[in-house]
Amino acid sequence: MKEGYLQHNSQGRYEIPNVTYFTSGEPVQILVDDIWTNGRMEFSHSDGDYYFIADDGTEVHGLTGIKARELN
């Protein structure tokens, strides 16, 4: 499982640099309060940016610098 800190790439998607990028519907885990949280990336048309939605429905916006890991 590859992990790193999220940043925007040239296409506006969040990526783990030199590892992978995430687009709508892709599974990902992010580190929230020292707990790995399962969810997926989605795109908000009103914000014009991607965000994380946890399996329990919790949304996390502004993901730059948050630790993440791919689930594939």
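Take the residues in the stretch 45-59 that are in contact with a Gly (Cβ under 6 Å, 6 or more places away or on another chain) and surrounded by 11 or more Cβ atoms within 10 Å (Cβ to Cβ), then tell me which one is farthest from T23 (Cα to Cα). The selected residue is A54. Taking the stated definitions as given, is G25 at pLDDT 95 or above, within 18 Å of L71 (Cα to Cα) and not in a strand (DSSP E or B)? Against the criterion (at pLDDT 95 or above, within 18 Å of L71 (Cα to Cα) and not in a strand (DSSP E or B)), G25 qualifies.
The single condition from (1) out of contact with any Leu (no Cβ under 6 Å at 6 or more places or on another chain); (2) at pLDDT 95 or above; (3) surrounded by 13 or more Cβ atoms within 10 Å (Cβ to Cβ) that E70 fails is (2). Just name the residue that is surrounded by the most Cβ atoms within 10 Å (Cβ to Cβ) out of those in the stretch 1-22 that are free of Cβ contacts under 8 Å to residues at least 60 places away in the same chain and part of a strand (DSSP E or B). Top of the filtered list is Y14. Among the residues of the stretch 28-47, those identified as part of a strand (DSSP E or B) and among the charged types (D, E, K, R) are R40, E42. I30 falls short on exactly one of the conditions (1) surrounded by 12 or more Cβ atoms within 10 Å (Cβ to Cβ); (2) among the β-branched types (V, I, T); (3) in contact with a Leu (Cβ under 9 Å, 6 or more places away or on another chain); (4) touching a residue at least 40 places away in the same chain (Cβ under 8 Å), and that condition is (4). Tell me which residues, restricted to the stretch 48-64, are within 10 Å of the chain's Cα centre (by Cα) and either at pLDDT below 95 or part of a loop (DSSP other than H, G, I, E, B) (or both). H61, G62, L63, T64 - these are the residues of the stretch 48-64 that are within 10 Å of the chain's Cα centre (by Cα) and either at pLDDT below 95 or part of a loop (DSSP other than H, G, I, E, B) (or both). Only one of the numbered conditions (1) more than 10 Å from the chain's Cα centre (by Cα); (2) surrounded by fewer than 17 Cβ atoms within 10 Å (Cβ to Cβ) is violated by T37, and that is (2).
The values are calculated or read from the model by the stated rules, or taken from the named source; none is laboratory data. Please read these numbers as outputs of a predicted model, since none were measured by experiment. Glycine also receives a Cβ, built like all others from the backbone with ideal geometry; neighbour counts cover every protein chain displayed.
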